[in-house]
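Input: a single structure, listed below in structure tokens.
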Amino acid sequence: MKVLIVHAHHEPRSFNSALKDCAVEQLSAAGHEVQVSDLHAMEWNPVASAADFGCRANPDYLVYALEQRHNYEAGTLAPDIAAEIAKVQWCDLLILNFPLYWFSMPAVLKGWIDRVMISGVFYGGKRIYDRGGMRGKRALVTLTLGGREHMFGPEAIHGEIHTLLRPLLQGSLAYCGFEVLPPFIGYHVPYVSAEARGQILADYGQHLQGLDDLQPLVFPSMNDFDDKLMPLQR
Ligand SMILES: Cc1cc2nc3c(=O)[nH]c(=O)nc-3n(C[C@H](O)[C@H](O)[C@H](O)COP(=O)(O)OP(=O)(O)OC[C@H]3O[C@@H](n4cnc5c(N)ncnc54)[C@H](O)[C@@H]3O)c2cc1C
């Protein structure tokens, strides 16, 4: 299997980086090919702008998604974007590795999604969900957070963790056709003991070993909707 890890943490000695290193070691040792996009080390530019396009379909008015399609077809996307798209096209499994920021992902990772997961390749028209451009690939979200596990759940103060993560799990990954595996979550990471953090790393190793046994999350199927994306009456 070919694995791309997109890693979004500024500190190489962080716990997040330890999770990334754990995945590289574990997956490589199991015979998988692994590439890492370390966004801070790469000084990834997260801002979607006109500078992303070498030639413009419409020089007078920037419609970002239309220029993504046009420049992909013309081979004139900014080289940093083109290189990341090629890595995603190469991989069978995409791992996004990050600390939770404001119930969401750090801006550097959001900007990777904005600039890399382009219209026309990842999605387009009705090529979404199980007809999305990335169908056949799997995605795993690996995150750490400050909160405790009991703070997340149906009755808990912050609600369900999958609800927080819905823009990423459904709106980005499932929407583009990835089969989305259950996320791996390290709770309360800065406040627990070194031993407890060691246990989280061990649990992550187990999670990675058992990837093939994980039941993907359930998202809409295009077979259940008509041409206007209205639910079919069954
Ligand atoms: C802008 C911002 C917004 C945030 N929003 C939220 C939010 O909405 N909800 C929420 O719950 N939290 C939130 N947080 C908290 C954040 O998610 C956590 O601080 C983060 O996930 C901790 O992970 P880390 O990798 O940065 O930990 P680090 O601080 O890097 O590491 C924690 C500890 O682990 C140690 N460590 C490193 N490697 C190892 C190893 N191999 N074995 C054992 N220990 C090790 C480190 O030395 C350190 O002592 C937010 C933080 C910020 C800055």
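FYI, it's all coordinate maths here, none of it is from the lab. As the structure is a prediction and not an experimental result, all values here were calculated from the model. Using ideal geometry, Cβ is built from the backbone for each residue, glycine included, and neighbour counts are taken over all protein chains shown.
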Name the residue, out of Asp92, Asp38, Asp203, whose mean-square fluctuation peaks in a Gaussian network model built on the chain with Cα pairs under 10 Å.
Asp203
Under the rule rounded for a/c under 1.5, else prolate if a/b exceeds b/c, else oblate, using alpha carbon gyration tensor axes a ≥ b ≥ c, the stretch 1-54 is classed as oblate
Antiparallel as a % of all DSSP beta bridges within the stretch 1-104, to the nearest 5?
15
Just give me a number: lysine pairs in the chain, eight or more positions apart or cross-chain, with C-alpha atoms less than 15 Å apart.
4
If amide hydrogens are placed 1.01 Å from N in the peptide plane, which non-local residues have theirs closer than 5 Å to the one on Lys137?
Glu179
What distance in nm separates the simple spin-label points at His162 and Gln215, each placed 7 Å from Cα in the Cβ direction?
0.9
Which longest uninterrupted range of the chain lacks any chymotrypsin sites (Phe, Trp or Tyr not before Pro) assigned by DSSP to a loop state (not H, G, I, E or B) and surrounded by at most 14 other Cβ atoms within 10 Å?
104-190
Please list, in chain and number order, the residues 5+ apart from Gly186 or on another chain whose amide H is under 5 Å from its amide H, with Hs placed from the backbone.
Leu143, Thr144, Leu145
Let's see if you can work this out: charge +1 on each Lys and Arg Cβ, -1 on each Asp and Glu Cβ, no other charges. What is the dipole magnitude of the chain about its Cα centre, in debye to the nearest 20?
380
Once Lys and Arg get +1 and Asp and Glu get -1 on their Cβ, which of Leu27, Trp102, Ala78 lies farthest toward the positive end of the dipole of the chain?
Ala78
Computed [θ] at 222 nm, deg cm²/dmol, the chain (DSSP H ≥ 4; -39,500 (n - 2.57); rounded to nearest 500):
-9000 deg cm²/dmol
Under a GNM of the chain (C-alpha, springs under 10 Å), which listed residue has the highest mean-square fluctuation: Leu165, Leu145, Leu66?
Leu66
For Ile5, list long-range residues whose amide hydrogen, built 1.01 Å from N in the peptide plane, is under 5 Å from its own amide hydrogen.
Gln35, Val36, Ser37, Ile95
Given 0.36 nm per residue, what is the gain on full extension from Arg148 to Asp60 after removing their alpha carbon distance, in nm?
26.7 nm
FRET efficiency, Tyr191 to Asp21 (Cβ-Cβ, R0 25 Å, nearest 0.05):
0.70
Under a 10 Å cutoff between Cα atoms, tell me which one of Ala156, Ala139, Ala41 has the largest fluctuation in the Gaussian network model of the chain.
Ala156
Using +1 on the beta carbon of Lys and Arg, -1 on that of Asp and Glu, and nothing else charged, what's the dipole of the stretch 1-108 about the Cα centre, debye to 20?
120
Starting at the first residue of the stretch 114-131, write each ³J(HN,Hα) from the Karplus equation 6.51 cos²θ - 1.76 cosθ + 1.60 with θ = phi - 60°, in whole Hz, x for Gly and Pro.
4, 8, 9, 7, 8, 4, x, 10, 7, 7, x, x, 9, 7, 9, 6, 6, 10
Count the DSSP beta bridges whose two residues both fall in the chain, then state the antiparallel fraction as a percent rounded to the nearest 5.
15
Through the Karplus equation 6.51 cos²θ - 1.76 cosθ + 1.60, θ set to phi - 60°, convert the phi angles of the stretch 160-168 into ³J(HN,Hα) values in whole Hz; use x for Gly and Pro.
5, 5, 5, 6, 4, 8, 4, x, 7
In whole Hz, the Karplus estimates of ³J(HN,Hα) for the stretch 66-79 (6.51, -1.76, 1.60; θ = phi - 60°; x where Gly or Pro) are 5, 5, 4, 4, 4, 6, 5, 5, 7, x, 10, 5, 3, x
For Ala107 and Phe225, compute 0.36 nm times the residue count separating them, minus their Cα-Cα distance, and round to one decimal in nm.
39.2 nm
In the neighbourhood of Leu173 defined by beta carbon distances under 12 Å, the net charge of the other residues (Lys, Arg +1; Asp, Glu -1) is +3
